[in-house]
Protein chains: 2
Amino acid sequence: MKNNIILVLFVCLLASCMQNKTQKEQIADPLPSWNDGTSKTTIIGYVRDVTNKESANYIPVEDRIAAFDNDGTLWCEQPMYIEMAYSLDMAKTIIADKPELAKKKELQDLVNKELFAKNPEKAILEAFALSHTGMSTDEFANNSIAWLDTAMNKHFKAKYTSLIYQPMVELLQYLRDNEFKTYIVSGGSSAFIRQVSQQLYGIPAEQVIGTMFKAEFVSKDGSYQVMYTPELWHNDDNVGKPVGIEQIIGKRPVLAFGNSDGDLQMLQWTTTNASYQYLCLLLHHTDGEREFAYDSLSSIGTLKNALIEANRKDWTVVDMKNDFKTVFSFQK
Amino acid sequence: MKNNIILVLFVCLLASCMQNKTQKEQIADPLPSWNDGTSKTTIIGYVRDVTNKESANYIPVEDRIAAFDNDGTLWCEQPMYIEMAYSLDMAKTIIADKPELAKKKELQDLVNKELFAKNPEKAILEAFALSHTGMSTDEFANNSIAWLDTAMNKHFKAKYTSLIYQPMVELLQYLRDNEFKTYIVSGGSSAFIRQVSQQLYGIPAEQVIGTMFKAEFVSKDGSYQVMYTPELWHNDDNVGKPVGIEQIIGKRPVLAFGNSDGDLQMLQWTTTNASYQYLCLLLHHTDGEREFAYDSLSSIGTLKNALIEANRKDWTVVDMKNDFKTVFSFQK
């Protein structure tokens, strides 16, 4: 009888320890690099609501799809998109190897950034085509990994790969802790972003959707390669984002996060989710000291129409200056 | 002192219970619908080896990508591909609604299966274009779900959705239990397969890669749709399979399973995995009683070159008649 009492006490003690642990976990701040305020409250309130089985807004795990833009949303896009910097560096290397190319006026304009000043979209696609195609998927991976390993952003005197927003890294982890599947849906190329998405954001290669060039399977003497051709296959920006999501995921996101007009259609598409409560977020770059302050007048990450629509539709506008306690971890 | 002994005994008992459970799990046959033999031994041996942390062949969880063909590998493709049956039924409905279409000779040939007899690939693409495009992704989903819910295969007098191979369903589950990520890589359309992949195979929509038509985002009066156009965007068969895998997954599979020459390049691509031990499998339809016996002479699921290569390269050829204890669960 006495032994039974001891057993019961032991089990109670064990249960109590487990409960304490759960309570502690709930109290710990899942987003320590976010200041307290409406944005943080909205995000945490949404996640708690849709993951609560008792809530009318409960979303089953398999439909917890969260889509994030990359440039300007997860990492810094100023003073130049990181992948554009890669493309220009590669273009210079390619031209140095082939002096006959260096003479071409349009390539000079491209590497001197004159084309970018005149027509950014054309410059990006030309630089991408030159640096991303006419090679195998393995060659592209090796080239881009080698560059990402060492290349520096001169403004911050920091490696490009360190220019990831600490609050966004925490948000991605918080969502995954709550069994969301986190995706990147980017105007950049999936081939490039994939090389670092796991390491920087905890997002595996197969959850990256981006711009893609047409590719071909080449079989030669019993060895096999997939080669990128210069023909654009999918431009994953603007209207391309909801299309990429439909073709590749085949489910509506319940949460989408962008920072520019290029993300507007992805956010609009998220609002068509008839089955579930959704959350649309827009990062407004308001911090000229720790990062850059820009919106409607910037040629990189132009934010005008999406901001108007966000205000009209009551989407959550995250204000970098006020909402981010830390921007980059190296600034702590 | 006495109480301490009881506590220790209690903990030992608990530990012993847990160990027994683990041992039982190990002893339970993970593939009960497979007969004992080389195929089953090879599969289980491979999975145990590459998931064993002590093994030189250990594969980290994030790289355990398994790619499965669908038609003829996961579900029956005879006497006609299931999606082709859907397309022909839909084509008849569309023509019935539009009498001016019924007069067209090429559409008559299509619905009468004459075109299929002459040129199967052309017939499939035409029937697909007619039944899959010129509508929104939501409309297509609704149409195909309604059909899959009721349509019957006349040969088996069974619903098409019951024509899934029980041993393959078990294999998919066994791989997922061992933390493989299971993908479908099919010549059929991802739009169609996605409607049932979770329910039939436990494979979520976002892990289905298939043939795709170009799609467009349409915004009208504040409502949004993604519309399929008749232009083919990706033909996920033959050389299209490794291309689809590279573009969408961005990782080499470590295990690939097909049944026809349309899977040859996917299997070849899997052998280029430089980092890990791979397993290539081919299902040979040898059972004319429980299913169909066919290979090199069949216009559906032609198997000739892939079988030659499988024998030459020592890939695992699964013999349906001898290796499958059960084919369909309704035949049990």
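The values are calculated or read from the model by the stated rules, or taken from the named source; none is laboratory data. Since this is a predicted model, take the numbers as computed values, not measurements. Note that we place each Cβ from the backbone using ideal geometry, even for glycine, and neighbour counts take in every protein chain shown. In case anyone asks, the SASA skips ligands and DNA or RNA and just uses the protein heavy atoms, side chains included. Shrake-Rupley method; radii C 1.70, N 1.55, O 1.52, S 1.80 Å.
What to note about this one:
- Residues in region B:214-233 that are among the acidic types (D, E) and within 10 Å of chain A (Cβ to nearest Cβ): B:E216 alone.
Yes or no, residue by residue, for (1) in contact (Cβ under 8 Å) with a residue 40 or more places away in the chain; (2) touching an Asp or Glu at 6+ places or on another chain (Cβ under 7 Å); (3) open to solvent by less than 10 Å² (accessible area, probe 1.4 Å):
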| position | (1), (2), (3) |
| --- | --- |
| A:V47 | yes, no, yes |
| A:L115 | no, yes, no |
| A:K122 | no, no, no |
| A:L130 | yes, no, no |
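- Residue count, region B:27-40 (criterion: loosely packed, with under 15 Cβ neighbours inside 10 Å and at pLDDT 95 or above): 5
- Within region A:165-213, tally of residues that are open to solvent by 10 Å² or more (accessible area, probe 1.4 Å), more than 13 Å from chain B (Cβ to nearest Cβ) and among the small types (G, A, S): 1
- Looking only at region A:49-79, and only at residues there that are under 26 Å from A:V243 (Cα atoms) and among the aliphatic types (A, V, I, L, M), the one that is surrounded by the fewest Cβ atoms within 10 Å (Cβ to Cβ): A:V61
- All positions within region A:254-273 that are more than 11 Å from chain B (Cβ to nearest Cβ), touching a Phe, Trp or Tyr at 6+ places or on another chain (Cβ under 9 Å) and buried (at least 24 other Cβ atoms within 10 Å of the Cβ): A:L255, A:A256, A:F257, A:G258, A:D263
- Complete set of residues in region A:243-253 that are assigned to a helix (DSSP H, G or I) and either among the hydrophobic types (A, V, I, L, M, F, W, C) or open to solvent by 30 Å² or more (accessible area, probe 1.4 Å) (or both): A:V243, A:I245, A:I248, A:I249
- Taken as a whole, the condition of being under 27 Å from A:T161 (Cα atoms), of a type in the set (D, E), open to solvent by less than 10 Å² (accessible area, probe 1.4 Å) and away from every other protein chain (no Cβ under 11 Å) does not apply to A:D237.
- Residues in region B:24-43 that are in contact with a strand residue (DSSP E or B) (Cβ under 9 Å, 6 or more places away or on another chain) and on the phi < 0 side of the Ramachandran plot: B:S33, B:W34, B:N35, B:T38, B:S39, B:K40, B:T42, B:I43.
- Within region B:46-56, the set of residues being of a type in the set (K, R) and not in a helix (DSSP H, G or I) comprises B:K53 only.
- All positions within region A:304-321 that are touching a residue at least 24 places away in the same chain (Cβ under 8 Å), of a type outside the set (A, V, I, L, M, F, W, C) and assigned to a helix (DSSP H, G or I): A:N305, A:E309, A:K313, A:K321
- Test result for A:R290, at pLDDT 95 or above and not in a loop (DSSP other than H, G, I, E, B): no
- Residue, most open to solvent (accessible area, probe 1.4 Å), within region B:277-332, restricted to residues that are within 19 Å of B:A67 (Cβ to Cβ) and of a type in the set (V, I, T): B:V317
- Taking the numbered list (1) open to solvent by 30 Å² or more (accessible area, probe 1.4 Å); (2) within 18 Å of the chain's Cα centre (by Cα) in turn, A:E216 passes all entries but (2).
- Residue selected from region B:240-253 under the condition in contact (Cβ under 8 Å) with a residue 40 or more places away in the chain and facing chain A (nearest Cβ under 7 Å), by the criterion nearest to B:S39 (Cα to Cα): B:K251
- Checked against (1) touching a Phe, Trp or Tyr at 6+ places or on another chain (Cβ under 9 Å); (2) within 13 Å of chain B (Cβ to nearest Cβ); (3) among the hydroxyl-bearing types (S, T, Y), A:T302 meets all criteria but (2).
- Test: B:I43 is within 14 Å of another protein chain (Cβ to nearest Cβ) and either of a type in the set (D, E) or open to solvent by less than 20 Å² (accessible area, probe 1.4 Å) (or both): no
- Highlighted here are the helices (runs of 4 or more DSSP H) found entirely within region B:57-166 that include at least 3 residues which are over 25 Å from the mean Cα position of the chain (by Cα): B:82-97, B:99-102, B:105-111, B:114-118.
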